[in-house]
Amino acid sequence: MKTIFEDNDFAALEKRVEALKPDAPRQWGTMDVAQMLAHANRAIELSLGLVSAPSESNILLRWLVKPLAVGKLPIKKSSPTSSSMRMTEPKDFETEKQKLLASLRAARTRGRGGIWTPHVAFGPLTSDEWGRLHHKHLDHHLRQFAA
């Protein structure tokens, strides 16, 4: 599985983020590209403990959904988004793009040996699970904007 901790996987994600354009049309969902960048950044910031959100975890999410989320299957189009991750306010594209790139690099630097904050829905994740989930989540949203 791809992960932000592997050089080639990380470089490919970074290149795709850098190639995004502010007018990229969405393929599904409700966020525009700037809101998507803010959403993806928030997910990484939460994992790094830079921002916080109330737990939405429950046994169903931890036992049934978590294995799917960190597993091999891609995230489905228009999958539900936790309330703390919804972006509805207008965002500045270039600001959000640079913030996402910085957070992505910080997560990669934290690495496999780092300490990670529990996921708001799935609870504690290993660093390898975080690495796979960040790759999978960002890939999902880059595909949303054909990047």
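The requirement of being of a type in the set (Gly, Ala, Ser), at pLDDT 90 or above and either out of contact with any Pro (no Cβ under 7 Å at 6 or more places or on another chain) or under 22 Å from TRP28 (Cα atoms) (or both) is fulfilled somewhere in the range 71-80, by at least one residue. Answer yes if at least one residue in the range 47-58 is among the β-branched types (Val, Ile, Thr), free of Cβ contacts under 8 Å to residues at least 24 places away in the same chain and assigned to a helix (DSSP H, G or I), and no otherwise. No, because not a single residue in the range 47-58 is among the β-branched types (Val, Ile, Thr), free of Cβ contacts under 8 Å to residues at least 24 places away in the same chain and assigned to a helix (DSSP H, G or I). No other residue among SER103, SER83, SER55 is closer than 23 Å to GLY29 by Cβ and surrounded by fewer than 19 Cβ atoms within 10 Å (Cβ to Cβ) apart from SER83. Being in a loop (DSSP other than H, G, I, E, B) and in contact (Cβ under 8 Å) with a residue 60 or more places away in the chain holds for only one residue in LYS77, LYS136, LYS97, and it is LYS77. Looking across the range 25-46, the residues that are outside any helix (DSSP H, G or I) and within 25 Å of SER83 (Cβ to Cβ) come down to ARG26, GLN27, TRP28, GLY29, THR30, MET31, ASP32. Looking for something of a type in the set (S, T, N, Q) and more than 26 Å from ARG105 (Cβ to Cβ) - is there at least one such residue anywhere in the range 16-30? Within the range 16-30, one or more residues are of a type in the set (S, T, N, Q) and more than 26 Å from ARG105 (Cβ to Cβ). Contact annotation: residue pairs with Cβ atoms under 7 Å, 6 or more positions apart or on different chains, pairing a residue in the range 106-124 that is surrounded by 12 or more Cβ atoms within 10 Å (Cβ to Cβ) with a partner that is assigned to a loop (DSSP other than H, G, I, E, B) and acidic (Asp, Glu), are VAL120/GLU56; ALA121/GLU56.
The values are calculated or read from the model by the stated rules, or taken from the named source; none is laboratory data. Predicted model, so just to flag it, every value in this text is computed and none were measured. Cβ atoms come from the backbone with ideal geometry, glycine included; neighbour counts cover every protein chain shown.
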